[in-house]
Amino acid sequence: MPLFGKKDSGKKAKAKDIKELNKQVSIEEKYNLHGLLGTGAFSEVRLAESKDPPGEHFAVKIIDKKALKGKEESLENEIRVLRRFSANHFDGKCPNGTRLTHPNIVQLLETYEDKSKVYLVMELVTGGELFDRIVEKGSYTEKDASHLIRQILEAVDYMHEQGVVHRDLKATSNSIHPIGMK
């Protein structure tokens, strides 16, 4: 389903496309949405539990379309980048068949859209905010810091190798969220 109800370059929809649109399920049919995990300028992130099989947990970024008015291209770019780095989504492959995955880059699993919102179902990263982790620990040794910086730099290097740049790294204690493509 195209984002924001866009039509496919003015072309008439094929019967196959129409069947696929009719098959689209809502996010509520597959997931139970629970508590708030975080908020941003245009979105909120909620905990989601899969209905089948029950017990599997994910993070769902819920983006309000009204708040994004005029910035739709930015969201489409974010989704395009996340899909490139997600093995579970659209085969996660480049045209040459190479998987674009890294253990410290969050994975996009599915996308949904309704009249007012876009939903990005992503793997749940449970390490928490880096700042909170440092405060909780009381002190952060040079060894701890060097380990963390190494993970971040390796993920950033991997993104750069793939032609992706980042405008907004979201460092948790075990993952980063890439935004933006060259």
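The values are calculated or read from the model by the stated rules, or taken from the named source; none is laboratory data. Fair warning: this is a prediction, and the values are worked out from it, not measured in the lab. Glycine also receives a Cβ, built like all others from the backbone with ideal geometry; neighbour counts cover every protein chain displayed.
Quick look at the values:
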item: Residue 172 being modelled with pLDDT under 85 and over 20 Å from residue 62 (Cα atoms); result: no
item: Residue in segment 87-145 that is modelled with the lowest pLDDT, counting only those that are part of a helix (DSSP H, G or I) and either in contact with a His (Cβ under 8 Å, 6 or more places away or on another chain) or of a type in the set (Gly, Ala, Ser) (or both); result: 92
item: Complete set of residues in segment 131-152 that are polar (S, T, N, Q) and surrounded by fewer than 15 Cβ atoms within 10 Å (Cβ to Cβ); result: 139, 141, 146
item: Filter pass, residue 128 being in contact with a helix residue (DSSP H, G or I) (Cβ under 9 Å, 6 or more places away or on another chain) and exposed (fewer than 15 other Cβ atoms within 10 Å of the Cβ); result: yes
